[in-house]
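To start, the structure under review is shown below, and the notes come after it.
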2 protein chains.
Amino acid sequence: MSETNSLDALIQALRRLPGVGVKSAQRMAFHLLQHDRPGAQMLARALTQATERVGHCARCHTFTEAAVCSICSDARRDATRLCVVETPADQAAMERTGAFHGLYFVLMGRLSPLDGVGPRDIGMQPLLERACDGAVEEVILATSFTAEGEATAYALTEALQRRGVRVTRLSRGVPVGSELEYVDLGTIAHALADRR
Amino acid sequence: MSETNSLDALIQALRRLPGVGVKSAQRMAFHLLQHDRPGAQMLARALTQATERVGHCARCHTFTEAAVCSICSDARRDATRLCVVETPADQAAMERTGAFHGLYFVLMGRLSPLDGVGPRDIGMQPLLERACDGAVEEVILATSFTAEGEATAYALTEALQRRGVRVTRLSRGVPVGSELEYVDLGTIAHALADRR
């Protein structure tokens, strides 16, 4: 396959996708070229269009093609509640609950010193300014309950409380629908400590 | 995220890749837009270029940008031996052993009635014509040692022997149930030497 440079280039480009190694990239390239060339062309167009058109919302930092996203520009949303999430996917999950009617701030990441992700990369300063805009009465931290998500929540809590902002965190506990014997001990311990 | 149509289109397009579900597609799209827009543009270009330029070798059916691939057009290769493999990845694995100096026929698939892959899809007829071109003295079947690969080998053996072609199969040194491209090179080399 030495002379098929376009094929090698495609395999290399596919490896830029997260979680895709050389074998997967090969399999993807062969599949597209053998069985789904329309899919390959569609993907090429979608990539070009998305990189050209998708930017960040000026208010909440989520992905949007407009200057301000549809949620931030919706006057019916409760501007006194600001929910901080890590990614647009987390924001979408929160929206699907139908239980939150406030606004969002999407960090587009989380603090991760080992990966070189610092406060500037997650928009800490814009968040602080946003939270002190006079309208926000409560910041709800909905970062992940992982080591990095917790560290992010801790850092944000410190910075926000120093500015006199009221900060809450999603409660930890036993997931709905789960049986106690299958829940990990850390979760049970937290659920016990946070009992109400 | 209702108005970000380019983002949704990108997520949908990424799902065309084999083994990529909605969560992975979302993660890939977010990663590219947030951290690797040059990578997204590179991938778009690579996809377009590959679909435009990469075709099939007229002799062995593997992917190539030329009319005939570099192996088929190499006069030093032994034209009396024809090795039948399923994919270009299998062909590449065989080449890396350095133990085979003949030519190839790449099926670009395998018989799989359940998936609607029949003899025509794997180029059975071109293979039969190729094997009876007068130069080929031995056809070495190197399809996978899976149920479908074995069925393919069986069907090819039947058809080739009916035309008086000498057919051999890689020896069962290859662990049953594994696919050729994942087997270590020494095992492939032994299986080639012990072909029956």
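The values are calculated or read from the model by the stated rules, or taken from the named source; none is laboratory data. This is a predicted model, so every value here is computed, not measured. Positions of Cβ are generated from backbone atoms using ideal geometry, with glycine treated the same way; all protein chains shown enter the neighbour counts. We work out accessible area using only protein heavy atoms, side chains counted, and drop any ligands, DNA or RNA first. Shrake-Rupley method; radii C 1.70, N 1.55, O 1.52, S 1.80 Å.
Collect the residues in the range A:154-196 that are surrounded by fewer than 16 Cβ atoms within 10 Å (Cβ to Cβ) and basic (Lys, Arg), keeping them in residue-number order. If the condition is that a residue be surrounded by fewer than 16 Cβ atoms within 10 Å (Cβ to Cβ) and basic (Lys, Arg), then A:Arg162, A:Arg163, A:Arg166, A:Arg172, A:Arg195, A:Arg196 are the ones that fit.
For the range A:119-146, a tally of residues being farther than 30 Å from A:Ala191 by Cβ, open to solvent by less than 20 Å² (accessible area, probe 1.4 Å) and in a loop (DSSP other than H, G, I, E, B) returns 1. Among the criteria (1) free of Cβ contacts under 8 Å to residues at least 60 places away in the same chain; (2) over 22 Å from B:Lys23 (Cα atoms); (3) open to solvent by less than 40 Å² (accessible area, probe 1.4 Å), the one A:Met94 does not fulfil is (2). All of (1) touching a residue at least 12 places away in the same chain (Cβ under 8 Å); (2) surrounded by 17 or more Cβ atoms within 10 Å (Cβ to Cβ) hold for B:Ala151 with one exception: (2).
If you go through the range A:33-58 one residue at a time, how many are more than 7 Å from every other protein chain (Cβ to nearest Cβ) and either in a helix (DSSP H, G or I) or under 14 Å from B:Leu14 (Cα atoms) (or both)? Within the range A:33-58, residues that are more than 7 Å from every other protein chain (Cβ to nearest Cβ) and either in a helix (DSSP H, G or I) or under 14 Å from B:Leu14 (Cα atoms) (or both) number 4.
Pull up the range B:6-22, narrow it to residues that are open to solvent by 70 Å² or more (accessible area, probe 1.4 Å) and more than 7 Å from every other protein chain (Cβ to nearest Cβ), then point me to the one that is farthest from A:Leu10 (Cα to Cα). Spell out how you get there, then give the answer.
Pass one, the range B:6-22, residues open to solvent by 70 Å² or more (accessible area, probe 1.4 Å): B:12, B:15-16, B:19, B:22.
Applying the additional criterion that residues be more than 7 Å from every other protein chain (Cβ to nearest Cβ) yields B:12, B:15, B:22.
Values: B:Gln12: 19, B:Arg15: 17, B:Val22: 22 Å.
So, considering only residues that are open to solvent by 70 Å² or more (accessible area, probe 1.4 Å) and more than 7 Å from every other protein chain (Cβ to nearest Cβ), the one farthest from A:Leu10 (Cα to Cα) is B:Val22.
If you take the residues in the range A:59-69 that are under 18 Å from A:Arg130 (Cα atoms) and under 17 Å from the mean Cα position of the chain (by Cα), which one is nearest to the other protein chains (Cβ to nearest Cβ)?
So the first thing to find is which residues in the range A:59-69 are under 18 Å from A:Arg130 (Cα atoms), and the list is A:59-63, A:67-69.
Of the ones still in play, those that are also under 17 Å from the mean Cα position of the chain (by Cα) are A:59-63, A:69.
Working: A:Arg59: 14, A:Cys60: 11, A:His61: 10, A:Thr62: 7, A:Phe63: 5, A:Cys69: 7 Å.
The residue in question is A:Phe63.
Let me confirm something: among A:Arg81, A:Arg110, which residue is open to solvent by 40 Å² or more (accessible area, probe 1.4 Å), in contact with a helix residue (DSSP H, G or I) (Cβ under 6 Å, 6 or more places away or on another chain) and either acidic (Asp, Glu) or at pLDDT below 95 (or both)? Step by step, each of A:Arg81, A:Arg110 is checked, and only A:Arg110 is open to solvent by 40 Å² or more (accessible area, probe 1.4 Å), in contact with a helix residue (DSSP H, G or I) (Cβ under 6 Å, 6 or more places away or on another chain) and either acidic (Asp, Glu) or at pLDDT below 95 (or both). In the condition set (1) touching a Phe, Trp or Tyr at 6+ places or on another chain (Cβ under 9 Å); (2) within 30 Å of A:Thr51 (Cα to Cα), B:Met108 is compliant with all but (2).
Condition first: outside any loop (DSSP other than H, G, I, E, B) and closer than 13 Å to B:Phe100 by Cβ. Now tell me which residues in the range B:154-194 satisfy that. Break it down stepwise before answering.
Restricting attention to the range B:154-194, the residues satisfying the condition of being outside any loop (DSSP other than H, G, I, E, B) are B:154-162, B:166-169, B:180-182, B:185-193.
Of everything in the range B:154-194, those that are outside any loop (DSSP other than H, G, I, E, B) and closer than 13 Å to B:Phe100 by Cβ turn out to be B:Thr168, B:Leu180, B:Leu185, B:Ile188, B:Ala189, B:His190, B:Ala191, B:Leu192, B:Ala193.
State whether one or more residues within the range B:137-153 are more than 16 Å from the chain's Cα centre (by Cα) and among the hydroxyl-bearing types (Ser, Thr, Tyr). Steps first, please.
So the first thing to find is which residues in the range B:137-153 are more than 16 Å from the chain's Cα centre (by Cα), and the list is B:137-139, B:147, B:151.
This time we only want the ones that are among the hydroxyl-bearing types (Ser, Thr, Tyr), so: none.
Checked against the condition, which is being more than 16 Å from the chain's Cα centre (by Cα) and among the hydroxyl-bearing types (Ser, Thr, Tyr), the range B:137-153 yields no hits at all.
In the range B:177-196, the residues that are farther than 13 Å from B:Asp90 by Cα reach residues that are basic (Lys, Arg) with C-beta atoms within less than 7 angstrom, at least six apart or across chains, in these pairs: B:Arg195/B:Arg169; B:Arg196/B:Arg169.
Screening A:Ala25 with (1) within 15 Å of B:Gly19 (Cα to Cα); (2) open to solvent by less than 10 Å² (accessible area, probe 1.4 Å); (3) in a helix (DSSP H, G or I); (4) within 7 Å of chain B (Cβ to nearest Cβ) gives one miss only, at (4).
Does the range B:88-98 include one or more residues that are more than 7 Å from chain A (Cβ to nearest Cβ), in a loop (DSSP other than H, G, I, E, B) and modelled with pLDDT under 90? Yes, that holds for at least one residue.
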